[in-house]
1. May I ask you to say which residue of 128, 151 is over 18 Å from the mean Cα position of the chain (by Cα) and assigned to a loop (DSSP other than H, G, I, E, B)?
2. Could you tell me whether the stretch 145-156 includes any residue that is touching a residue at least 24 places away in the same chain (Cβ under 8 Å), within 17 Å of residue 189 (Cβ to Cβ), within 16 Å of the ligand (Cβ to nearest atom) and crowded, with 16+ Cβ neighbours inside 10 Å?
3. State all residues of the stretch 118-133 that are within 14 Å of the ligand (Cβ to nearest atom) and surrounded by fewer than 16 Cβ atoms within 10 Å (Cβ to Cβ); if no residue qualifies, say none.
Ligand SMILES: N[C@@H](CCC(=O)N[C@@H](CS)C(=O)NCC(=O)O)C(=O)O
């Protein structure tokens, strides 16, 4: 498999973690988002929404959308599971994952910042404040959804929510979000990054890291 990925992309980070947890090997094909390679015609043919990640399977099928890719991986390589089998537990894990994937990430994306700057006069400082605001709101909601006790968000092993959380926390560190109000989340992050599957997926461990 080939993973079209950018080292700092949190959605690519999610897929790298899942591939590693499942023990699936892949080659990285770097897509430099800052250089605009996601908008090149041959790349748009792979992913019409002009974004990473794309996972190209051995038969050439291109899968897009990180959560859809994770769902596919969980179906073809069920161990370890990314979601609980119990419907109620599953809904709770998905809700936390969606706080990151649906509520935080889309409003903080590179293309949104570029548009707000070019069309609405935001400065880089305005944009950073904007991102931090939505991360703080989203991380507070994520933390409020968690049960007390488990090492990871919902259990003794990492799941889909932890994958989304750890990737998002990379961005939170990068932009200087105050994480003091989120001790439960930073504890989960420490436990996750101590695992080799998460460590290997870290942005700084990617071949295109600068
Ligand atoms: N919902 C998509 C979002 C993909 C996405 O927007 N990825 C970002 C990087 S994390 C990207 O490629 N952005 C390109 C841009 O903003 O131009 C997914 O989960 O795969």
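Readers should treat all values here as calculations from the given coordinates under stated rules, not as data from a laboratory. Every value quoted in this text rests on a predicted model; they were computed, and no experiment measured them. Cβ atoms come from the backbone with ideal geometry, glycine included; neighbour counts cover every protein chain shown.
1. Working: 128 fails: assigned to a loop (DSSP other than H, G, I, E, B).
After applying the criteria, what remains is 151.
2. no
3. Residues of the stretch 118-133 within 14 Å of the ligand (Cβ to nearest atom): 118, 127, 131.
Correct list: 118 only.
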